[in-house]
Amino acid sequence: MERISKINYYLDIAQTVAERSTCLRKAFGAIIVKNDTIVSTGYNGAPRGRKNCCDLGWCLREEMNIPRGERYELCRSVHAEANAIIAAPRDQMLGATLYMTCIMPGDRSLVPGTNSCMMCKKQIINAGIETVIIRDTPTEYRIVPVEDWITEDDSLSGKFGY
């Protein structure tokens, strides 16, 4: 029997977490891992106590035809990465790895080429997370050293995430 790689094991867990997402556009799942232990998980959805888009049956950004990567202040959701960071103690995030997966809410197909948005990148940097691993296919992924987001400051160039 061939064992799944450790990275794909954690990405599979992040993908399962994404299935809890309440977003109608894209479902993200994130987990933070340190020393081979899952520290926290997060998926995108409305703040606790507020109605989710899936319960309302509509998305304001979708209705306004807002392109991805723009006008996040109109989104009801807290992003998966932010929710995972909120749920984790700071000392457990220092030097940790964040694993992230994005799926389509309808058919649960993987969405390749996703990335953290500008807001989440800043939160990941401040949390002290060292590496982000993003799934593109069931077996392929990208490993992003967070240091790259610091040295290649996309907030100065106009390049934005998602």
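Residues that are among the β-branched types (V, I, T), modelled with pLDDT of 95 or more and touching a Lys or Arg at 6+ places or on another chain (Cβ under 9 Å) are absent from region 62-85 altogether. Would you confirm, using the coordinates I've provided, whether S77 is open to solvent by less than 30 Å² (accessible area, probe 1.4 Å), closer than 14 Å to G42 by Cβ, touching a Cys at 6+ places or on another chain (Cβ under 6 Å) and in contact (Cβ under 8 Å) with a residue 12 or more places away in the chain? Yes.
Give me the residue from region 139-162 that is among the aromatic types (F, W, Y) and modelled with pLDDT under 65 and, out of that set, farthest from T97 (Cα to Cα). Outline the logic, then answer.
Pass one, region 139-162, residues among the aromatic types (F, W, Y): 141, 149, 160, 162.
Subsequent filtering for residues that are modelled with pLDDT under 65 retains 160, 162.
On the way: F160: 22, Y162: 19 Å.
Among those that are among the aromatic types (F, W, Y) and modelled with pLDDT under 65, it is F160.
The rows are residues; the columns are (1) closer than 24 Å to I125 by Cα; (2) among the hydrophobic types (A, V, I, L, M, F, W, C); (3) surrounded by fewer than 23 Cβ atoms within 10 Å (Cβ to Cβ).
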| residue | (1), (2), (3) |
| --- | --- |
| N8 | yes, no, yes |
| G29 | yes, no, no |
| N35 | yes, no, yes |
| N52 | no, no, yes |
| E70 | yes, no, yes |
| D91 | yes, no, yes |
| M104 | no, yes, yes |
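Counting just the residues of region 7-55 that are in a helix (DSSP H, G or I) and free of Cβ contacts under 8 Å to residues at least 12 places away in the same chain, which one comes out nearest to the chain's Cα centre (by Cα)? Restricting to residues being in a helix (DSSP H, G or I) and free of Cβ contacts under 8 Å to residues at least 12 places away in the same chain, the top hit is D12. Of all residues in region 111-157, those satisfying the criterion of being among the hydrophobic types (A, V, I, L, M, F, W, C) and farther than 18 Å from H79 by Cβ are I143, I150, L156.
The values are calculated or read from the model by the stated rules, or taken from the named source; none is laboratory data. The structure displayed is predicted, hence computed values, not measured ones. Heads up, the Cβs are rebuilt from the backbone with ideal geometry, glycines too, and the neighbour counts pull from every protein chain shown. Side chains included, ligands, DNA and RNA excluded: accessible areas come from the protein's heavy atoms. Shrake-Rupley method; radii C 1.70, N 1.55, O 1.52, S 1.80 Å.
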